[in-house]
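Below: the structure, in structure tokens.
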Amino acid sequence: MVEYTYSLDSVFGALADPTRRDILSRVSSRQLTISQIAGRYNLGFAAISKHLMVLEKAGLIIKHRVGRRQFVRARADTLQEASDYLDQYKEAWEARLDSLEQYLNESDNNDR
């Protein structure tokens, strides 16, 4: 269980930064070279490299080489784990909101 928590901590930590979320969004639809990614931001190559390292350590992206170029693509399985974790809370809140809605409807009907 500790590894799972650590993994989720890394994922949510990586997603806390808007630049990293944007990078992940871009590589979710297609793989891009690091140069293509860096060209979209007003940041130095070193800063982009650090963002990519955080995303890679969290398991959100995979980097691979083809010749001299390095490509980046998203890993859907890691995002699915985070989504599954959040779904637990979504279900709990939906149940609470449904209960509140039922209470308010019953209270409204009793007032009439």
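Would you check which residues across segment 31-82 are in a helix (DSSP H, G or I) and touching a Gly at 6+ places or on another chain (Cβ under 7 Å) and list them? Walk me through how you get there before you give the answer.
Restricting attention to segment 31-82, the residues satisfying the condition of being in a helix (DSSP H, G or I) are 34-38, 45-57, 76-82.
T78, the sole residue that qualifies.
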Q: Working only within segment 65-96, note down all residues that are open to solvent by 100 Å² or more (accessible area, probe 1.4 Å) and either among the hydroxyl-bearing types (S, T, Y) or farther than 30 Å from Q31 by Cα (or both).
A: Q88, Y89, K90, E91, W93, R96
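For the subset of segment 12-30 comprising residues that are over 18 Å from A76 (Cα atoms) and outside any loop (DSSP other than H, G, I, E, B), which member is least open to solvent (accessible area, probe 1.4 Å)?
To start, the set of residues in segment 12-30 that are over 18 Å from A76 (Cα atoms) comprises 17-19.
Add one more test, that the residue is outside any loop (DSSP other than H, G, I, E, B), and what stays is 18-19.
On the way: P18: 83, T19: 34 Å².
Of everything passing the filter in segment 12-30, T19 is least open to solvent (accessible area, probe 1.4 Å).
With respect to Y85, is the statement that it is modelled with pLDDT of 85 or more and part of a helix (DSSP H, G or I) true?
It is true that Y85 is modelled with pLDDT of 85 or more and part of a helix (DSSP H, G or I).
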Q. Just one of the numbered conditions (1) hydrophobic (A, V, I, L, M, F, W, C); (2) touching a residue at least 40 places away in the same chain (Cβ under 8 Å); (3) closer than 21 Å to S7 by Cα is not true of I62; which one?
A. (2)
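The values are calculated or read from the model by the stated rules, or taken from the named source; none is laboratory data. Note that this is a predicted model, so its numbers are computed, not measured. Don't worry about glycine lacking a Cβ; one is built from the backbone with ideal geometry, like all the others, and counts go over all protein chains shown. Each accessible area value is taken on the protein alone, full model and side chains, heavy atoms only, with ligands, DNA and RNA left out. Shrake-Rupley method; radii C 1.70, N 1.55, O 1.52, S 1.80 Å.
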